[in-house]
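The values are calculated or read from the model by the stated rules, or taken from the named source; none is laboratory data. Since this is a predicted model, take the numbers as computed values, not measurements. Backbone-built Cβ (ideal geometry, glycine too); neighbour counts: all protein chains shown.
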Amino acid sequence: MTITETESPESVLIYVYDPMCSWCYGFRPTWKALKSQLPEGLPVVSLLGGLADDSDVSMPEDMVKYLRRTWSQIESTCGVPFNHAYWDQTPPPPRTTFISCRAVIAAERLAGRGETFAERIQDAYYTEAQSVWDFNTLCDLAEAFGFQRSSFADALMSDDVRAVHNEQRQLAERLQVEGYPSVLLIHQGQAYPIPVRHQGADVMLSDIADLLAESQA
């Protein structure tokens with residue numbers, strides 16, 4: 001796919017994720033390892049996608065069972081911990097993730113701390129069984145993280161942050177991202193999907209290096 005928005009700089013690595021995507025949480029150690037080994041000078045841009053729009057409707061029981069199984073699979077595949085007590089709540093939680101994506105954008109815009117706050121959201125959700133789809137829970141996390149509560153709350157509710165999230169999701173769609181996590185190398189206006197390999201940072205790094213080398217040949 002040809003991209004015009006990312007022609008400068010010549011090469012960019014794009015990561016598309018959702019903090020409430022369990023496979024993104026499982027990929028986190030691999031992503032951090034990959035970033036630490038990237039070629040010097042290769043910029044990295046993170047985009048917030050979104051698995052589920054705003055909702056306060058409890059998810060159906062078959063979705064709860066599916067996600068329970070998914071968490072167990074990721075725990076085994078990726079070696080990351082989960083607090084399965086999250087699924088013991090009655091009624092079941094809603095299937096909604098957009099607000100957590102907007103929380104990451106708010107943290108980035110307020111203090112350039114989007115990535116670290118995304119990790120805090122993941123830890124609160126997956127290991128502490130907190131309801132990170134809840135506005136007050138996210139504000140509690142932000143306040144404990146060091147943000148002024150009112151400033152964070154205002155940002156999280158703002159049309160500006162919502163617009164940024166919409167723009168990022170639309171860009172992900174133009175990049176033909178079909179799932180999370182997704183990694184793409186943009187080089188010379190062309191988008192190259194990098195296969196996501198859990199616990200396979202070295203292989204992904206090799207894929208990126210090969211594409212850069214081919215495009216320079």
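A few notes on this one:
- Leading residue by the ranking (nearest to D207 (Cα to Cα)) among those in the range 164-180 that are surrounded by 15 or more Cβ atoms within 10 Å (Cβ to Cβ) and out of contact with any Gly (no Cβ under 9 Å at 6 or more places or on another chain): L175
- All of S11, S36, S58 fail the test of being within 20 Å of I186 (Cα to Cα), small (G, A, S) and in contact with a strand residue (DSSP E or B) (Cβ under 8 Å, 6 or more places away or on another chain), apart from S11.
- Take the conditions (1) assigned to a helix (DSSP H, G or I); (2) within 19 Å of the chain's Cα centre (by Cα); A209 misses just one of them, which is (2).
- For the range 147-163, the condition of being crowded, with 20+ Cβ neighbours inside 10 Å, within 16 Å of S46 (Cβ to Cβ) and of a type in the set (V, I, T) holds for at least one residue.
- Any chance I14 is without any contact (Cβ under 8 Å) to a residue 60 or more places away in the chain, more than 19 Å from S131 (Cα to Cα), crowded, with 16+ Cβ neighbours inside 10 Å and within 18 Å of the chain's Cα centre (by Cα): no
- Residue pairs whose Cβ atoms lie under 6 Å apart, sitting 6 or more positions apart in sequence or on different chains, and linking a residue in the range 159-173 that is in contact (Cβ under 8 Å) with a residue 40 or more places away in the chain and within 19 Å of A52 (Cβ to Cβ) to a partner that is part of a helix (DSSP H, G or I) and among the small types (G, A, S), are V161/A106; V161/A155.
- Elements of the type helices (runs of 4 or more DSSP H) sitting completely within the range 66-158 and holding at least 3 residues that are in contact (Cβ under 8 Å) with a residue 12 or more places away in the chain, under 20 Å from K32 (Cβ atoms) and touching a Cys at 6+ places or on another chain (Cβ under 7 Å): there are none.
- In the range 181-198, residue modelled with the highest pLDDT [restricted to those that are polar (S, T, N, Q) and surrounded by fewer than 19 Cβ atoms within 10 Å (Cβ to Cβ)]: Q190
- Scan of the range 55-78 for residues that are under 27 Å from A103 (Cβ atoms) and either small (G, A, S) or touching a Pro at 6+ places or on another chain (Cβ under 9 Å) (or both), ordered by number: S55, D56, V57, S58, M59, P60, M63, V64, S72, E75, C78
- Pick from the range 99-129, criterion surrounded by 22 or more Cβ atoms within 10 Å (Cβ to Cβ) and hydroxyl-bearing (S, T, Y), ranking: farthest from N166 (Cα to Cα): Y126
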